[in-house]
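What follows is a single structure, written as structure tokens, with notes after it.
The values are calculated or read from the model by the stated rules, or taken from the named source; none is laboratory data. Everything numeric here is computed off the predicted structure, so don't read it as measured data. Neighbour counts are summed over all protein chains in view; Cβ atoms, including those assigned to glycine, are modelled from backbone coordinates with ideal geometry. Heads up: the accessible areas ignore ligands, DNA and RNA and are worked out on the full protein's heavy atoms, side chains in. Shrake-Rupley method; radii C 1.70, N 1.55, O 1.52, S 1.80 Å.
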Amino acid sequence: GQIDEAAQALERLPLDLPSREFVSLVLSGEIAFRRHQDDEAARQFDEALTLRPGAPEAHYGLSTVRLARGEAETALRHAQFAARGSNAARMHAQVGLCTLELGNVEAAGKSLKLAVKLDPHDASSWCNLGICYYGSGRPRRARECFVRALEIRPDFSKARDNLDALTAHLAASGGVGDVDDGDQRSVEGVANDIAAWEKKCLEFPDDPHVAIQLAKLYEESGELEAGFDVLRAHLARRPDEPLVCAELGKMYVDAIEFRKAEPLVLRALQALPDDPELLRAKAEILIDQRQMLAATDLFQRSCALRPDVNAKGRLATCLTSVCRYEEALALVEDLRTNHRAWSSTLVTVEVDSLTGLGRHQDALATLDRALAGRPFMPGYRLLRGLIHLSLENFGAGWDDYTYRNLAITDHLRVLPFAPWSGQSLEGKSIVIAAEQGLGDQVMFASCLPDILAQRPARVV
């Protein structure tokens, strides 16, 4: 928050600093934004992108400016582009903040959970995550997040106001809490536990249980690499220890590093063939390899051994992917009835299954219910758009289809031009960018003659 000092430091950047001009522009933009000079900040970030197109730091900066201007959807596009493939906590925190601003608490919660995992000392992300929990009907978890934010920053007025409002609401409603998956501990409590288990690790260096507990504590504190290091060091001394192989393999799966995970998970399964968590880890690896039938079989085995909600949800997704739609629908109904689970995953599974069975109107009704009062749910909007397009309801279909790059960011590009909204192109210039798979590109290329017929001055 020492903006004047930051500006002075910026003037002293070494002349031989790599990418000095780019770094200077990004930092200048950040300083201008903190001084509420939004136009100047946007100019600096845009200029940075001319030097390094697609730079996450510049797109992040533009996202902050756009959100401050009230342009939440444009801000989200920049934030998603910046966060793609990034392990920077603030990138995911900005995605969560933009999504929360648009009223999609479920999607915002996913990004903010990742943000606090990457940086457990970010008070703002804890506070925003608390708002997500409260908005999704989980007041106890919301309270834990507000308390965590205040532990990190005791003078954080927004977190204090949210906590006071939540406390008053719970008192007025009889203090009804939510069913949850365990308490969050304080930052200080986790740090003390880490110190104690580090001593145990030195005292008992070959005890796998000690190494695993210490790695889990590091993971809880956000120090993922430290957790990996503890387990890798243990395996360097005892390479065939199945419990440590299992834990490190599962951690790699959680980190979406499937190639590193696979040999560890396979080695652990030789000793622990009926461990449900290992079976799920192997199933996730198989999904990454597009071996959906084998993954489905493993999830079924895992559910038979330990039928928890998450395993059933993943099984339902797999059943849909291998066209076993009736079974997937039965599992969705079981989850909804017996576990009170109703997540975006289940909506998608139900819609995909109903569509696969040709029950398009039922699928549309499911999506309409899910979107009622919450129109900004890009994944649902895209699904609904695709169904409408397949039924030749083109007006409704194209309206929802515009959300495709907010629902699936693999092909997302953010260009420094306003999107075309159908006005005359005569005498103007237009950029046409490929996206999605080759089949979609060929199909939409058939529209190029319609563009050229409008006599634009230039087509890129």
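Looking at 333, 326, just one residue is part of a helix (DSSP H, G or I), modelled with pLDDT of 95 or more and open to solvent by 70 Å² or more (accessible area, probe 1.4 Å), and that residue is 326.
For segment 241-264, a residue qualifies if it is under 19 Å from residue 114 (Cα atoms), in contact (Cβ under 8 Å) with a residue 12 or more places away in the chain, not in a helix (DSSP H, G or I) and not aliphatic (A, V, I, L, M), but none of them does. All of 306, 290, 301, 237 fail the test of being basic (Lys, Arg), within 30 Å of residue 339 (Cα to Cα), out of contact with any helix residue (DSSP H, G or I) (no Cβ under 7 Å at 6 or more places or on another chain) and surrounded by fewer than 24 Cβ atoms within 10 Å (Cβ to Cβ), apart from 290.
Counting residues that are under 27 Å from the mean Cα position of the chain (by Cα), which helices (runs of 4 or more DSSP H) fully inside segment 384-460 reach at least 2? Don't jump to the end; show me each part of the working.
On the way: elements: 394-401, 404-407, 438-445, 448-452.
Passing ranges, in order: 394-401, 404-407, 438-445.
Okay, residues lined up against (1) farther than 22 Å from residue 256 by Cβ; (2) buried (at least 20 other Cβ atoms within 10 Å of the Cβ); (3) modelled with pLDDT under 90:
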{"site": "74", "(1), (2), (3)": "yes, no, no"}
{"site": "85", "(1), (2), (3)": "no, no, yes"}
{"site": "99", "(1), (2), (3)": "no, yes, no"}
{"site": "106", "(1), (2), (3)": "no, no, yes"}
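Within segment 425-440, residues that are on the phi > 0 side of the Ramachandran plot reach partners that are basic (Lys, Arg) and not in a strand (DSSP E or B) with beta carbons closer than 8 Å, at six or more positions or on different chains, in the pairs 427/455; 436/404.
Going residue by residue through segment 111-122, is there one that turns out to be open to solvent by less than 10 Å² (accessible area, probe 1.4 Å) and under 22 Å from residue 407 (Cα atoms)? Yes: one or more hits. Quick check on this structure: which one of 417, 394 is touching a strand residue (DSSP E or B) at 6+ places or on another chain (Cβ under 9 Å) and either open to solvent by 30 Å² or more (accessible area, probe 1.4 Å) or of a type in the set (D, E, K, R) (or both)? Step by step, each of 417, 394 is checked, and only 417 is touching a strand residue (DSSP E or B) at 6+ places or on another chain (Cβ under 9 Å) and either open to solvent by 30 Å² or more (accessible area, probe 1.4 Å) or of a type in the set (D, E, K, R) (or both). Across segment 7-54, what is the number of residues that are small (Gly, Ala, Ser), in contact with a Lys or Arg (Cβ under 9 Å, 6 or more places away or on another chain) and part of a helix (DSSP H, G or I)? Total meeting the criteria: 5.
Looking for something at pLDDT 90 or above and not in a helix (DSSP H, G or I) - is there at least one such residue anywhere in segment 220-240? Talk me through it step by step, then tell me what you get.
First pass over segment 220-240, keeping only residues at pLDDT 90 or above: 228-239.
Adding the requirement that they be not in a helix (DSSP H, G or I) leaves 238-239.
Within segment 220-240, one or more residues are at pLDDT 90 or above and not in a helix (DSSP H, G or I).
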